[in-house]
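Novice: The structure follows.
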Amino acid sequence: MIWGGISIVFGKMLFIKKEKYAINAQVYIRDILQGYIEPLDGDYTFVQDGATAHTARQTMEYCRENGIDVKTQSPKSPDLNPIEVIWANLKRKVEKRRPDSKARLIAAIQESWDEISFEEVQNSILKVKNERAKQVIEAQGEWS
């Protein structure tokens, strides 16, 4: 399982679980929310996709009880999700390394993630905020 998070303030974070890993609300709360999101300081909104573990009642209650302002990204608007820009960039970088085993794939993912600069993260967020949102509005909600 791989989870990534980005912010215009803190940059990026990556969680890789190398062994077989079943993700459910309890695991998501423990490994992602408690491990990565809760320790963040400041005022932020946590945006996540609609995966079952992310939107489970237990997860949403946990967020509410712990003051995590959470929004769920529309599955019909991936072009408005800045991390999709980062995932596409990561995929290109990993493919160039041509990993030929699971261990090399994991190493390639981590190395490629480490190459993504703070500036790239900021640019992906600003691009969505300033350009893509405007394009979607101009296209009246259709693909931009």
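Novice: Which of the following residues is under 16 Å from residue 45 (Cα atoms) and of a type in the set (Val, Ile, Thr): 68, 116? Can you show your working first?
Specialist: Working: 116 fails: under 16 Å from residue 45 (Cα atoms).
Matching residue, one of 68, 116: 68.
Novice: Still on this structure, please answer the following. Please go through the stretch 97-144 and pick out each residue that is modelled with pLDDT of 90 or more and over 19 Å from residue 6 (Cβ atoms).
Specialist: 97, 98, 99, 100, 101, 102, 103, 104, 105, 106, 107, 108
Novice: Tally up the residues in the stretch 53-73 that are free of Cβ contacts under 8 Å to residues at least 12 places away in the same chain and not charged (D, E, K, R), please.
Specialist: Qualifying residue count for the region: 2.
Novice: Restrict the check to the stretch 46-66 and report whether at least one residue is in a loop (DSSP other than H, G, I, E, B) and among the hydroxyl-bearing types (Ser, Thr, Tyr).
Specialist: Applying the first criterion (in a loop (DSSP other than H, G, I, E, B)) to the stretch 46-66 yields 49-51, 56, 66.
With the extra rule that they be among the hydroxyl-bearing types (Ser, Thr, Tyr), the set shrinks to none.
No, the stretch 46-66 has no match at all.
Novice: Can you find, within the stretch 104-122, the residue that is surrounded by the most Cβ atoms within 10 Å (Cβ to Cβ) among those that are in a helix (DSSP H, G or I), touching a residue at least 24 places away in the same chain (Cβ under 8 Å) and not acidic (Asp, Glu)?
Specialist: Step one: of the stretch 104-122, the residues in a helix (DSSP H, G or I) are 104-115, 118-122.
Narrowing further to those that are touching a residue at least 24 places away in the same chain (Cβ under 8 Å): 106, 109-110, 113, 118, 120-122.
Next cut, not acidic (Asp, Glu) only: 106, 109-110, 113, 118, 121-122.
Numbers: 106: 15, 109: 20, 110: 14, 113: 19, 118: 14, 121: 23, 122: 16.
Out of the qualifying residues, it is 121.
The values are calculated or read from the model by the stated rules, or taken from the named source; none is laboratory data. On a predicted model such as this, the values are computed, not experimentally measured, just so you know. Here the Cβ is made from the backbone with ideal geometry for all residues, glycine too, and neighbour counts use every protein chain on show.
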